[in-house]
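What follows is one structure encoded as structure tokens, with my remarks underneath.
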């Protein structure tokens with residue numbers, strides 16, 4: 001890559017290599033000047049949906065070759081893009097909205113480019129994750145982006161149990177039609193944590209609904225699934241809730257000497273602030289179900 005000049009500005013021309021270019025998540029004006037300049041210079045732009053990217057390019061008067069690169073064709077499209085890099089071309093990778101590699105398969109292409117010795121860099125810009133985190137009003141000094149929860153309830157509940165003890169704010173993506181059911185499971189598995197549902201960020205009908213998980217679950221159960229793209233932000237566990245697993249295991253083993261699995265889980269949950277579901281599953285793992 002050509003390095004920045006002494007003033008910290010990018011050079012006028014782009015060197016051959018792979019460029020990860022952030023695109024707007026809603027408002028089409030949320031794209032950087034450098035991103036537009038790179039897209040004009042690219043030999044090819046790899047994108048999730050050529051129709052979506054074509055609209056963005058047309059809005060800014062850019063006409064460059066587009067090629068699809070997404071989860072379903074990555075194994076086939078990746079080698080063709082690698083050949084273009086080998087020929088010394090400028091390859092831009094964009095997603096339909098936001099920063100590439102956030103919940104998309106672009107990491108495979110980046111890894112292949114790096115392993116082959118090609119230059120790779122990112123042109124930062126819009127991303128729904130930090131926008132939702134900033135607007136949530138929840139602690140943001142430590143957070144975990146956990147992507148999408150599983151669609152099936154049993155798998156979703158297991159995933160929530162694994163996240164319950166993470167001592168950080170959680171950021172999740174969720175399909176609108178699954179949000180009511182997901183919130184019910186989150187309220188049951190994580191307890192009364194504060195949360196925010198951010199919808200249609202940077203768009204005309206942007207909305208951030210805040211409350212504890214139980215109240216949000218009740219709202220969407222009554223109102224039905226919302227429309228648009230969603231990001232769910234959940235506050236971290238309380239200090240007592242983040243007790244070390246070893247201490248919880250000792251408490252569970254002691255309780256299991258005198259009572260059944262379910263009662264032991266409820267007792268330790270009341271004392272620690274952790275979710276009953278998480279502790280019930282932990283009690284089973286410790287042998288309480290035998």
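The values are calculated or read from the model by the stated rules, or taken from the named source; none is laboratory data. From a predicted model like this one, the values you see are computed outputs, not experimental measurements. Because the Cβ atoms are built from the backbone with ideal geometry, glycine has one as well, and the counts that use them run over all protein chains shown.
Please tell me if residue 63 is part of a loop (DSSP other than H, G, I, E, B) and in contact with a strand residue (DSSP E or B) (Cβ under 7 Å, 6 or more places away or on another chain). No; evaluated as a whole, the condition is false for this residue. The sole residue among 286, 279 that is touching a helix residue (DSSP H, G or I) at 6+ places or on another chain (Cβ under 7 Å), under 22 Å from residue 236 (Cβ atoms) and in a helix (DSSP H, G or I) is 279. Scanning the stretch 150-192 for residues that are in a loop (DSSP other than H, G, I, E, B), touching a helix residue (DSSP H, G or I) at 6+ places or on another chain (Cβ under 9 Å) and farther than 20 Å from residue 279 by Cα gives 150, 151, 174, 175.
For the residues 210, 204, the requirement of being farther than 21 Å from residue 101 by Cβ, outside any helix (DSSP H, G or I) and out of contact with any helix residue (DSSP H, G or I) (no Cβ under 9 Å at 6 or more places or on another chain) singles out 204.
For residues that are more than 21 Å from residue 69 (Cα to Cα) and touching a helix residue (DSSP H, G or I) at 6+ places or on another chain (Cβ under 6 Å), scanning just the stretch 9-48, find the one that is surrounded by the most Cβ atoms within 10 Å (Cβ to Cβ). So, considering only residues that are more than 21 Å from residue 69 (Cα to Cα) and touching a helix residue (DSSP H, G or I) at 6+ places or on another chain (Cβ under 6 Å), the one surrounded by the most Cβ atoms within 10 Å (Cβ to Cβ) is 14. Of the candidates 248, 256, 232, 213, the single residue that is within 21 Å of residue 167 (Cβ to Cβ), assigned by TED's automatic domain parsing to the domain that holds residue 276 and crowded, with 18+ Cβ neighbours inside 10 Å is 248. Any residue at all in the stretch 80-91 that's part of a helix (DSSP H, G or I), out of contact with any helix residue (DSSP H, G or I) (no Cβ under 8 Å at 6 or more places or on another chain) and either without any contact (Cβ under 8 Å) to a residue 12 or more places away in the chain or buried (at least 16 other Cβ atoms within 10 Å of the Cβ) (or both)? Yes, the stretch 80-91 contains a residue that is part of a helix (DSSP H, G or I), out of contact with any helix residue (DSSP H, G or I) (no Cβ under 8 Å at 6 or more places or on another chain) and either without any contact (Cβ under 8 Å) to a residue 12 or more places away in the chain or buried (at least 16 other Cβ atoms within 10 Å of the Cβ) (or both). The one condition from (1) over 19 Å from the mean Cα position of the chain (by Cα); (2) assigned to a helix (DSSP H, G or I); (3) within 19 Å of residue 158 (Cα to Cα) that residue 274 does not meet is (2).
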